Amino acid sequence: MEKLQAALDKARKTRQENGPESPRAPAKPTRAARSGDVEDLWQALPAIQIDDRTLEKHRLVTQVANTKATPFDILRTKVLLQMRQNGWKRIAITSPMPNSGKTTTACNLALSLGRQSDLRSMVLDFDLRDPSVKTFLNHTPQIGLGDVISGNAEFADQAVRIGPNVAFSMANKPESDPARLLLAEETANVIDRIELEYKPDVMIFDLPSMLINDDTRAFLKNVDCALVVIRAGKTRYKQFDISEREIAEQTNVVGVVLNAYQHADVAKSGE
């Protein structure tokens, strides 16, 4: 365990010294026996299904290929190509302000990735003040993600699986002081261990909105890149500009999603 901790500390120090342009350095696995049989680890996660009513209610449109899924499929391909090119695995999804569609984007991106049978992806709900992934999936876990990153529970006992290759780790209740957890070195260690054991191709972190508290700022050091979701007619340019600049100080901005855009918006504005 001491050797593992030393490796994790060294990897994290290298990331900090190299800055956001350099991919994260790998560390050694925590449990060699389990890491040798990754497929068994994934299939051991309890499987859940999302009913059609829940899918429709929360605009989750990518579980099967259709015209509604196409915009998210395009996003999936663009993001995946950039991440592969740079050797990235961890992507944060955030927004300047709430109600912009970041959780919708995170879940749809994961389900779209899930249709790629050669990929494993996972979503971790790090919006710990106001967790909503459990609502989107209509599933509240008995053990929350907060217990996992606090070291009080194992990921294997908390996460669930949709299909053979998409995992979700959800918070089951709001945390009173999430910034404390998000800043903690133990949180970074837990994420490293999950990645080392389960070897996901993509880890998606649903984070809080940038401008409402310091939670996302506290966590961005742990990801390779970030996707910013803005909402047409709601997000102001100044809010987006501030958010993008602050995100770019800590990690790579992989792209921007314009949500709820309608052609009529342009016509009405005369542009």
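We did not get these values from a lab; they are worked out from the coordinates using the rules stated. No experiment lies behind these values; they were computed from the predicted model shown. Because the Cβ atoms are built from the backbone with ideal geometry, glycine has one as well, and the counts that use them run over all protein chains shown.
Which of the numbered conditions does Ser150 fail, given that it passes all the others? Conditions: (1) over 14 Å from the mean Cα position of the chain (by Cα); (2) buried (at least 21 other Cβ atoms within 10 Å of the Cβ).
Status for Ser150: all satisfied but (2).
Return the only residue of Ile191, Ile212 being touching a residue at least 12 places away in the same chain (Cβ under 8 Å) and either part of a helix (DSSP H, G or I) or among the polar types (S, T, N, Q) (or both). Steps first, please.
Details: Ile212 fails: either part of a helix (DSSP H, G or I) or among the polar types (S, T, N, Q) (or both).
Exactly one residue qualifies, and that residue is Ile191.
Return the total of residues in segment 47-72 being within 20 Å of Gly255 (Cβ to Cβ), in contact (Cβ under 8 Å) with a residue 40 or more places away in the chain and part of a helix (DSSP H, G or I).
Count: 1.
Does segment 153-165 hold any residues that are surrounded by fewer than 16 Cβ atoms within 10 Å (Cβ to Cβ) and either in a loop (DSSP other than H, G, I, E, B) or among the acidic types (Asp, Glu) (or both), and which are they?
Glu154, Asp157, Gly163, Pro164
Considering (1) among the β-branched types (Val, Ile, Thr); (2) free of Cβ contacts under 8 Å to residues at least 40 places away in the same chain; (3) in a strand (DSSP E or B), say which one Val228 fails and leave the rest.
(2)
Restricting attention to segment 246-257, does a residue exist that is under 18 Å from the mean Cα position of the chain (by Cα), assigned to a helix (DSSP H, G or I) and closer than 20 Å to Glu186 by Cα?
yes
Can you pull out the residues in segment 231-248 that are under 25 Å from Asp192 (Cβ atoms), touching a residue at least 40 places away in the same chain (Cβ under 8 Å) and surrounded by fewer than 21 Cβ atoms within 10 Å (Cβ to Cβ)? Show your work before the answer.
Here is the first cut: in segment 231-248, the residues under 25 Å from Asp192 (Cβ atoms) are 246-248.
Next cut, touching a residue at least 40 places away in the same chain (Cβ under 8 Å) only: 247-248.
Ala248, the sole residue that qualifies.
Name the single residue, out of those in segment 125-147 being surrounded by fewer than 16 Cβ atoms within 10 Å (Cβ to Cβ) and among the hydroxyl-bearing types (Ser, Thr, Tyr), that is nearest to Asp206 (Cα to Cα).
It comes out as Thr135.
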